[in-house]
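This report refers to the structure that appears directly beneath it.
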Amino acid sequence: MSTPLHAVSAAPVGDFALRCSGLQRYLGQGDGRVHVLKGVSFEARRGQVYAIVGPSGCGKSTLLYLLGLLDQPDGGDIEINGQRMSNSDDFARTAARGAHIGFVFQFHFLMLEFTALENVMMPMRKLGRLTAPEMEARARMLLDAVGLGAKTHRLGTQLSGGEQQRVAVARALANQPSIILADEPTGNLDVKNSTLVFDLLTRLAKDNGQAVILVTHNPEIAQRCDVTRPMRDGLFV
Amino acid sequence: MLMSLSCTVLGVGLFIVTQATTSGFEEFFVKTLLGTDGAMRIEDRIQDTLRSMEVAGSPDFQIRQREGVKYIEGVEEPQIIMDTVRSFANVRGVSAVLRGNVQVSSSFKTEDGQVFGIKLEDHRFVSELERKITTPEGLGKFQESAGSALVGRVLADRLQLTVNESIVINVRGESRRYVVAAIYETGVRDIDKTRIYIDLAEARSLLRKPTGATFLQISLHDPKRAREEAAHMEEVLRHSVRPWQEREKEWLSVFRALSVSSAITVTVFTLIASLAMFNTLAMIVLEKTKDIAILRSMGYERRDITRIFLWQAAIVLAIGAIVGGIFGAAVSWGVSLVPLPINTLFKTEHFIVALSPWHFVQAITTAVVMVMIASLVPARRAARLEPGDIVRGTAQ
C-alpha cells in the first residue's frame, strides 16, 4: 500500500508558509559577542524555492536555524503557517518542527546505525499520525521517489554520500512539512549528485506545494531557484 | 559500554555471593541452635510486686504500678505450664529439663559437666538430639535403661569414652555410675564438651529435686514468630520466656554486622559500575551530539532524548542484572564446594551458602538505583543541548 505524498499534510494557512520580520541575533559572549542578524525580514510562499546566498559569516545559516526554530532570536517575529513562534516555549517549537518543517543538512546527518528505511520513518514515528504499516509504506514510497527503492535496508554506513543526502531529503519530506529548510544540501556532493539532489528536492517540493528555503554557496544552484536572496553582514541586500 | 556492563555484572554477582555466604552461616548457626536448644525457653516464674493506692476513696479502683520484675528461679509446676503451652497453636513440642552442675569421671580423667535431665519422648519434639547421635547404637539403649547417659562428642573424647563404657557422675559428694548409651555431636563446642543427658526421673533423684524443672524447652512450627509467642506466653504464664532471637542476640548481631559490612564492600563494585555507566553515557552524549540535533530537528522533545539515554542504561542494567544474577548463583554454588572445616561455634566441613530470592532483589535494586542515578546526569545533559548550537558546532 502506498501513501500519497500529500497524505499527511497539515492544513495550509494562506499563501505564505513562513514569514519573519526584524530578526535579530547575537552570537558569542563578552568581547566576542557578534551581531549576526540585524533585523532580517523574509517571506516564503508555498511551492516556491528560495536561495539565500552570501559570503561565509554573513548570517545565512543562523537565519536558517532561526526559521527552523532550532534557535531563538534575540528580537523580531517568526510565523509558521500563520502561527507566531518567536516567543513560544521549547515544547511548542519542537512540536512545530515535527509537524511543519523538514531539514536537510550539509553533512547528511543520517543516524548511521539505522537503515535508510528506519531513518525516513523516524520523524513519522514521533509525529504519530500514521500506523506502523502506513509509516513503512510511506517511507518506501519516499525512498522510491529519491531513487533508493532498492536500498531501503542498507545502513547509513553502507550508502554513498549522494545516497545519504537523498535519504536525508526523503526524511525531510516524511511528515509532509509545509517548509523544507536546507543548509548547503549539495555542499558536500559532486556535481552530478548536486544536480540530482537539487532536482529531487525542488521537484518533490513543488509537487506538494512546499516552500523550500536553501542556503547555498553554489551559484548554479542559486540561479535555478525561483527567488534568490543575497545576504551581507546580517542583512538582505 | 562493555566496561559498564562488566562492572554491573560483577556488582550484582558479588553482592549475591557475599549475602548468600554470610546468611548461609547465619542460617546454619540458627538451625543448629534451634535443633539443640529449641525456639524458646520458659525459665523463671515472674513475681510481680504490687503497689496499690485507692483512687478517690474507692477501694475497687486501684493503680497497679510495676516497680520491676522479680523472678523465682525455675519452673515450679512444669506439668501445668506444659499443658498450657501445648494449647498454643504454633507450639510443636515442649519438654521439661532439669539441669545441674556435676563432675564426670571416667577411668581416664575427671571433667566438669552439666547434667540435663530429659524425658526423651518429650525432648524428641523440641530438639534434633536423635539426629545428632554419632554412634550406631542410636537412642535405643538410652530409652531402655534409666542408668544410661548421652555424652557429647568433645567430652567423650576428653574422657576417652566409647559406648557401653561407664562414667561416674558426682554431685554434692554423691556419686552414681551410668553407662554411655550413645555419643552425640551438635557441632556447638560449648554444648558437646559439657552436656550429659540422662532420664528426667533419674536427674531428679541425682540432683535431689523431686519437683519442678530448670526450664521448659519449646519448639515452634514457625520459629520466626518466637518473639511474639514469647511475649504472649509471658503474659499468660507469668514466667520469663526467652525466644531464640534474644538468647542468641550477641551472635546474631555479629552475623548482621558481617552481612552489612560485606554488603557495603560489594556496593563499592556497584558504585564503580555506576561511575562506569556515567562515564560511558557522558562519552556517548559527546559522540552523539549530531544525532541529538537530528532528532530534535525532527520534533523529538527533550524528554525523548533523556529517555533514549536512560533506555541505553536500562538495557545495560537489565543485561547486567540477568548475567550478574546467573554469575552470582554460579559463584555461590562454587563457593559452597570450597572445603572449610569449622568446629567451634558450629560444625561444618564446607562453606555454607544460602541463596535467597531476597539477595537477588537487594543486589538488583542497589544496581538499579545507583546506575540509573548515574545515568540521569548525562541523559539530562543530552536533553539540554540546543540543536542550533550543535549544528553550528558551538554546543557546550
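The values are calculated or read from the model by the stated rules, or taken from the named source; none is laboratory data. Not measured: the values here are computed from a predicted model. Heads up, the Cβs are rebuilt from the backbone with ideal geometry, glycines too, and the neighbour counts pull from every protein chain shown.
Looking at region A:89-123 only, could you name the residues that are in a helix (DSSP H, G or I), facing chain B (nearest Cβ under 10 Å) and under 19 Å from A:ARG154 (Cα atoms)?
Kept after step one, since they are in a helix (DSSP H, G or I), are these residues of region A:89-123: A:90-100, A:116-123.
Within this subset, residues satisfying the condition of being facing chain B (nearest Cβ under 10 Å) are A:90-91, A:93-100, A:119, A:122-123.
Answer for region A:89-123, where residues must be in a helix (DSSP H, G or I), facing chain B (nearest Cβ under 10 Å) and under 19 Å from A:ARG154 (Cα atoms): A:ASN119, A:MET122, A:PRO123.
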*Among residues belonging to region B:224-234 that are in contact with a strand residue (DSSP E or B) (Cβ under 9 Å, 6 or more places away or on another chain) and free of Cβ contacts under 8 Å to residues at least 40 places away in the same chain, point out the one that is nearest to B:GLY35 (Cα to Cα).*
B:ARG227
*Quick one: count up the residues across region A:60-71 that are assigned to a loop (DSSP other than H, G, I, E, B) and facing another protein chain (nearest Cβ under 8 Å).*
3
*Checking A:ALA132 against (1) at pLDDT 90 or above; (2) within 18 Å of the chain's Cα centre (by Cα); (3) not polar (S, T, N, Q), which single condition isn't satisfied?*
(2)
*Which of (1) assigned to a helix (DSSP H, G or I); (2) assigned by TED's automatic domain parsing to the domain that holds B:CYS7 does B:GLU246 not meet, given it meets every other one?*
(2)
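Would you be able to tell me the number of residues in region A:124-139 that are without any contact (Cβ under 8 Å) to a residue 24 or more places away in the chain and either within 14 Å of chain B (Cβ to nearest Cβ) or within 23 Å of A:GLN106 (Cβ to Cβ) (or both)?
So in region A:124-139, the residues without any contact (Cβ under 8 Å) to a residue 24 or more places away in the chain come out as A:125, A:128, A:131-132, A:135-136.
Restricting the remaining residues to those that are either within 14 Å of chain B (Cβ to nearest Cβ) or within 23 Å of A:GLN106 (Cβ to Cβ) (or both) gives A:125, A:128, A:135.
Total meeting the criteria: 3.
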*asked:* Tell me whether region A:63-81 contains one or more residues that are under 16 Å from the mean Cα position of the chain (by Cα) and hydroxyl-bearing (Ser, Thr, Tyr).
replied: yes
*Find the residue count for region B:172-192, including only residues that are modelled with pLDDT of 90 or more and among the β-branched types (Val, Ile, Thr).*
3
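Quickly run through region A:212-224 and pick out the residues that are hydrophobic (A, V, I, L, M, F, W, C) and out of contact with any helix residue (DSSP H, G or I) (no Cβ under 8 Å at 6 or more places or on another chain). Step through it out loud before you land on a result.
Kept after step one, since they are hydrophobic (A, V, I, L, M, F, W, C), are these residues of region A:212-224: A:212-215, A:221-222.
Across region A:212-224, the qualifying residue is only A:ALA222.
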*Looking at this structure, is A:ILE78 of a type in the set (A, V, I, L, M), more than 10 Å from chain B (Cβ to nearest Cβ), under 30 Å from A:LEU23 (Cβ atoms) and surrounded by 22 or more Cβ atoms within 10 Å (Cβ to Cβ)?*
yes
*Of the conditions (1) more than 10 Å from every other protein chain (Cβ to nearest Cβ); (2) hydrophobic (A, V, I, L, M, F, W, C); (3) assigned to a helix (DSSP H, G or I); (4) farther than 21 Å from A:ASP199 by Cβ, A:LEU142 fails just one. Which one is it?*
(4)
*Quickly run through region A:16-59 and pick out the residues that are within 14 Å of chain B (Cβ to nearest Cβ) and either buried (at least 24 other Cβ atoms within 10 Å of the Cβ) or touching a Ser or Thr at 6+ places or on another chain (Cβ under 9 Å) (or both).*
A:LEU23, A:ARG25, A:LEU27, A:GLY28, A:VAL36, A:LEU37, A:GLY59
